[in-house]
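To keep things clear, I will list the structure first and then write my remarks on it.
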Amino acid sequence: MGITIRSKQQQIEPFKGANILVVTGPSTGSTMMTVSDLTVKSNVASAYHCHPNTEESIFVVSGEAEFRVGNHKFQVSAGDCVLAPRGVGHGLKNIGDSDARFVCAYPVPIPDRQEIDEPEFVLSEPKQGVFFRGRAESYEFFPGISRYDMVGNFLGAESTYFSELTFQPGSIAPNHFHPSHEESMFCLEGNLTAVYDKENSIELHSGDIFTCEIGVRHGIFNQSKSLGKLLAIHPVLNPPPRVDVE
């Protein structure tokens, strides 16, 4: 599979006032997940819907949004992440003055989608299923790399592990492979370098995504002079099995 360049992906309008890029899925060779890059204009809302065959993780890249999940209605902002459980109704609205952007991940290659009637909402956060950046603390994953774990069994997920990593200049996430699942790595910020199979220097720029097959060697390092940020998306629960290699 390898790298998917953002600028080369076709935009689709999933609903009026929004556009989406499918950056990982069957069209890119994935057999285990779908990842989409969604942009929503100000004051635009998606329909209330559910996914009967999968959960969905929605990371807020930028902007302010109002989410409806189950019968809860609440607000999130950049850096937060929302889990919509399998079969549970949900939707979002951009409540900011400019475009809002989201990365949406499903741990299946083809998510089913059904629009459903909205319930009566209460203005409250769900007891589980929302990662609020301001209430969490990062930890050191490897020297020079800090990490937020945003979605996993601790958030009520069934089959998703979703984290954000910040790479200081010169930092390295060691090479490894996953013996039973794929991994997608979405570059949020900066310029990172990916290792993939026998390739050791694949450039990864903001908005690009790098998806690695089962059992294939891969890694990430930051050889630039500025910070790099990356979303690591696994279609399995934490901790994802891995084998370190040279």
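Return the whole-Å distance between the Cα centroid of the range 29-73 and the Cα centroid of the range 96-126.
That distance is 4 Å.
Residues with beta-carbon under 13 Å from that of residue 165, excluding residue 165: net charge, scoring Lys, Arg +1 and Asp, Glu -1?
Once all neighbours under 13 Å are counted, the net charge is -3.
Using 0.36 nm times the number of residues separating residue 199 and residue 13, minus their current alpha carbon distance, what extension gain do you get?
Once the chain is fully extended between residue 199 and residue 13, it gains 63.5 nm.
Tell me, what ³J(HN,Hα) does each residue in the range 232-237 have, in order and in whole Hz, if you take phi through Karplus 6.51 cos²θ - 1.76 cosθ + 1.60 with θ = phi - 60° and put x for Gly and Pro?
9, 10, 10, x, 9, 7
Run the reach check for residue 127 against lysines, Cα to Cα strictly under 23 Å, same-chain hits fewer than 8 apart removed. What comes back?
73, 93
Relative contact order of the range 2-112: what whole-number percent is it, with Cα pairs under 8 angstrom and at least 6 residues apart?
Relative CO of the range 2-112 lands at 32 percent.
Mind grabbing the base-10 log of I(q)/I(0) for the range 2-112 at q = 0.14, 0.23, 0.24 Å⁻¹? Debye formula, identical points on the C-alpha positions, no solvent, two decimal places.
For the range 2-112 at q = 0.14, 0.23, 0.24 Å⁻¹, log10 I(q)/I(0) is -0.53, -1.40, -1.48.
Which entry in (1) 1.31; (2) 1.09; (3) 0.97 is this structure's computed Cα Rg over 2.2 N^0.38 Å?
Only one listed value fits the structure, namely (3).
In the range 1-102, which trypsin sites (Lys or Arg not before Pro) fall in coil by DSSP and have 10 or fewer other Cβ atoms within 10 Å?
Those that pass, being in a loop and sparsely packed, are 16.
Please compute the net charge surrounding residue 183, taking Lys and Arg as +1 and Asp and Glu as -1 over other residues with Cβ under 13 Å from its Cβ.
Net charge around residue 183: 0.
Please give the length that would be gained between residue 214 and residue 118 if that part of the chain were fully extended, namely 0.36 nm times their separation in residues minus their C-alpha to C-alpha distance (nm, one decimal).
Fully extending the segment from residue 214 to residue 118 adds 30.6 nm.
In nm, to one decimal, how far is the modelled label at residue 132 from the one at residue 77, with both set 7 Å along Cα→Cβ?
1.2 nm
Averaging sequence separations of C-alpha pairs under 8 Å and six or more residues apart, then dividing by the length of the range 1-48, give the relative contact order as a whole percent.
Reported as a whole number, the value is 32 percent.
Under a point spin-label approximation (7 Å from Cα along Cα-to-Cβ), what is the residue 226-residue 5 distance to one decimal in nm?
The two pseudo-label positions are separated by 2.0 nm.
Which one of 176, 238, 157 is farthest out on the positive end of the charge dipole of the range 137-244, using unit charges on Cβ (Lys, Arg +1; Asp, Glu -1) and the Cα centre as origin?
Result: 176.
Determine the sum of side-chain charges near residue 48: Lys and Arg each +1, Asp and Glu each -1, restricted to other residues whose C-beta is under 15 angstrom from that of residue 48.
Once positives and negatives cancel, what remains is -2.
Considering the options 87, 71, 22, tell which one lies farthest towards the positive end of the dipole of the range 2-112, charges being +1 on Lys and Arg and -1 on Asp and Glu at the Cβ, about the Cα centre.
22
How big is the equivalent ellipsoid of the range 60-194 along its three axes, where each semi-axis is √(5λ) from the Cα gyration tensor, reported in whole Å from largest to smallest?
Listed largest to smallest, the semi-axes of the range 60-194 are 29, 18, 14 Å.
Considering only C-alpha atoms, what is the centroid distance from the range 220-240 to the range 146-179, in Å?
Each part's Cα centre sits 6 Å from the other's.
Between residue 242 and residue 49, what is the spin-label point distance in nm, taking each point 7 Å from the Cα along the Cα→C-beta axis?
3.2 nm
A short reminder: the numbers here are calculations on the coordinates, not readings from a lab. This one's a predicted model, so the numbers in the text were calculated from it and none came from an experiment. For neighbour counting, all protein chains shown are included, and Cβ atoms are generated from backbone atoms with ideal geometry for every residue, glycine included.
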